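The structure appears right after this line, and notes come after that.
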Amino acid sequence: MSIDLDILLEQAQAASEKAYAPYSGFRVGAALLCADGSVVTGCNVENSSYSLTICAERNALFAAVNMGKRDFLALAIYVDSDEIFPPCGACRQVLAEFSPHLQILYANRLGSILSDLETLLPQAFVLHGQ
Ligand code: THU
């Protein structure tokens, strides 16, 4: 399947507009391309009990798994900032459970960087599929 990362990034940006981030003001959107060609999005959702906050990437992944999808090709992440931010370590670990070869495009208002999960999380800890 040919992957249109530009469209995936637009979907991530649209998802970031749904972010609930009253505490950090840091709005993140993620768009996960599934092997069946569908796209599942997520945004970060914060909480006044701060540690209960969930990142956009895990929200997208958990929604996709809840829809019966377990095989993923690419993830676009958009942060509404001039600074560039790759995904956090917790999200890298959770993504590696399902798709260790995932392409990851992370972007901000100014541009994007294309990478992959093996680069961002080398020697990931996984108990299955070895
Ligand atoms: N956040 C994400 O959504 N993804 C990441 O990879 C890092 C951080 C969110 C969580 C929180 O709402 C805000 O960004 C600041 O940490």
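The values are calculated or read from the model by the stated rules, or taken from the named source; none is laboratory data. Because the structure is a prediction, the values reported are computed rather than measured. Cβ coordinates were reconstructed from backbone atoms using ideal geometry, including for glycine residues, and neighbour counts include every protein chain displayed. Accessible surface is based on the protein model in full, side chains and every heavy atom, while ligands, DNA and RNA are left aside. Shrake-Rupley method; radii C 1.70, N 1.55, O 1.52, S 1.80 Å.
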Within segment 108-124, considering residues that are open to solvent by 60 Å² or more (accessible area, probe 1.4 Å) and out of contact with any His (no Cβ under 9 Å at 6 or more places or on another chain), the one farthest from the ligand (Cβ to nearest atom) = 123
Residue 128 fails exactly one of (1) open to solvent by 40 Å² or more (accessible area, probe 1.4 Å); (2) more than 20 Å from residue 16 (Cβ to Cβ); (3) within 16 Å of the ligand (Cβ to nearest atom), namely (3)
Segment 24-42, residues that are open to solvent by 20 Å² or more (accessible area, probe 1.4 Å) and among the hydrophobic types (A, V, I, L, M, F, W, C) | 26, 35, 39
Where residues in segment 31-44 are farther than 16 Å from residue 87 by Cβ and in contact with a helix residue (DSSP H, G or I) (Cβ under 7 Å, 6 or more places away or on another chain), which of them is farthest from the ligand (Cβ to nearest atom)?
-> 34
Do the conditions hold for residue 57, that is, is it free of Cβ contacts under 8 Å to residues at least 40 places away in the same chain and over 20 Å from residue 27 (Cβ atoms)?
-> no
Restrict the check to segment 48-67 and report whether at least one residue is at pLDDT 95 or above, part of a loop (DSSP other than H, G, I, E, B), within 13 Å of the chain's Cα centre (by Cα) and surrounded by 20 or more Cβ atoms within 10 Å (Cβ to Cβ).
-> yes
Residue count for segment 60-88, restricted to those that are in contact (Cβ under 8 Å) with a residue 12 or more places away in the chain and of a type in the set (S, T, N, Q) = 1
Looking at (1) over 22 Å from residue 97 (Cβ atoms); (2) near the ligand (Cβ under 10 Å from one of its atoms); (3) without any contact (Cβ under 8 Å) to a residue 60 or more places away in the chain, can you tell me which one residue 7 breaks?
-> (2)
Filter segment 69-107 for residues that are within 9 Å of the ligand (Cβ to nearest atom) and under 12 Å from residue 58 (Cα atoms); which is nearest to the chain's Cα centre (by Cα)?
-> 77
How many residues does segment 69-105 contain that are open to solvent by less than 30 Å² (accessible area, probe 1.4 Å) and part of a loop (DSSP other than H, G, I, E, B)?
-> 4
